[in-house]
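What follows is a set of notes on a single structure, which appears directly below.
The values are calculated or read from the model by the stated rules, or taken from the named source; none is laboratory data. All figures in this text were calculated on a predicted structure; none of them were measured in a lab. All Cβ positions, glycine included, derive from the backbone under ideal geometry; neighbour counts span all protein chains shown. To get the accessible areas, we keep the full protein, side chains included, count just its heavy atoms, and leave off ligands, DNA and RNA. Shrake-Rupley method; radii C 1.70, N 1.55, O 1.52, S 1.80 Å.
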Amino acid sequence: MVKNGGKRLTKYIADYVVFDLETTGVRQGLDRIIEISAIKVRGHEMAEQYTTLADPEMHIPKGATAVNGITDDMVKGAPRIKDAVEGFLNFIGNDILVGHNIHTFDLNFICDAAMETLGAEVKNDYIDTLYLSRKCLPQLSRHRLTDVSEHFGISIQGAHRALNDCIMNQQCYEELGKILQKIQPVSQDIRCPLCGADMIKRSGKYGEFYGCSSFPGCRGTRKI
């Protein structure tokens, strides 16, 4: 379960921060962050970026290096995780966060690191493009960021480094958002009475109604 205090949204917005992490592995609570990147987007255009390596104060396993190319030598002299996370939190402010598979991975790592090193909580609402891809591109057999990027003709060169993944993800989100607007008009003013997420206009046996965008995790509904 995601440790972030915000809500997972399903919407297409103009202003947000897309972010990505690289880590020493996938074991939450044991592995550590070794790179944080984020891009601030304003009016659908990339406006500012934050990127830094982070010293995990542990050996980076060969398996992690094989994926992201980051070695022990590369993080020598890099900011410690506390400083890297603090810079990230200052950069994102209260913006809505966008990322791929952040619901179950990146947000848990960043929330753990923020609490452990700064005693801070991350409460930003967020949009996970993995879920958007499954909804907007059901024809794809796999929904990795590289799969979605290739579908839209977006370069995957440099994949699995945080900043490059942010650039890819921002472009994918923009394309997915255009599809989402066509297939799923979202009410910007109505929130789910059960979980607070966006409500989406849907059609059912008895006509149109508003259903929670987090369905099937949440089954909140409202009459139109």
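Test of understanding: given the chain, find the longest segment containing no trypsin sites (Lys or Arg not before Pro) that are in a DSSP loop and have at most 12 other Cβ atoms within 10 Å.
The answer is 143-204.
In the chain, taking the dipole from charged Cβ atoms about the Cα centre, the farthest positive-side position among I224, M74, N108 is held by I224. Accessible area per residue was computed with a 1.4 Å probe on protein heavy atoms; D147 scores about 30 Å².
Net charge in the neighbourhood of A47 (other residues with Cβ under 10 Å of its Cβ; Lys, Arg +1, Asp, Glu -1) is -1. For the chain, carbon and sulfur atoms together expose 49% of the accessible surface, with a 1.4 angstrom probe and every protein chain in place.
Largest GNM mean-square fluctuation among T129, T146, T117, using the chain with Cα springs under 10 Å: T117. In this label model, I13 and K123 are separated by 1.5 nm, measuring between points 7 Å along each Cα→Cβ vector.
Calculated from the structure at hand, Rg and Dmax of the Cα atoms in Å is found among (i) 18.0, 63; (ii) 19.1, 56; (iii) 17.3, 53 as (i). Legend: calculated FRET efficiency, M58 to R142, from the Cβ-Cβ distance at R0 = 35 Å, rounded to 0.05, equals 0.65.
F215 sits with roughly 100 Å² accessible to a 1.4 Å probe, with DNA, RNA and ligands left out of the calculation.
Taking GluC sites (Glu not before Pro) as exposed when DSSP calls them loop (any state but H, G, I, E, B) and at most 14 other Cβ atoms lie within 10 Å, what is the longest stretch of the chain free of them, the sites themselves excluded? Counting only loop sites that pass the neighbour cut-off, the longest clear stretch is 122-224.
For helix 81-92, what angle does its Cα long axis make with the longest principal axis of the chain, in degrees from 0 to 90 and rounded to 10? Approximately 40 degrees, to the nearest 10.
For region 53-186, the solvent-accessible area with a 1.4 angstrom probe is 47 square angstrom per residue.
Positive-end ranking of I34, Y126, C195 along the dipole of the chain, with charges on Cβ about the Cα centre, is headed by C195. For the options T52, T24, T104, a Gaussian network treatment of the chain with springs between C-alpha atoms closer than 10 Å singles out T104 as fluctuating the most. The mean sequence distance of close C-alpha pairs (under 8 Å, at least 6 residues apart), as a share of the length of the chain, puts its relative contact order at 23 percent.
The chymotrypsin sites (Phe, Trp or Tyr not before Pro) of region 112-198 meeting both criteria, a DSSP state outside H, G, I, E and B (loop) and at most 15 other C-beta atoms within 10 angstrom of the site's C-beta, are F152. Charge dipole (Cα centre; +1 on Lys/Arg Cβ, -1 on Asp/Glu Cβ; no other charges) of the chain amounts to roughly 1300 debye.
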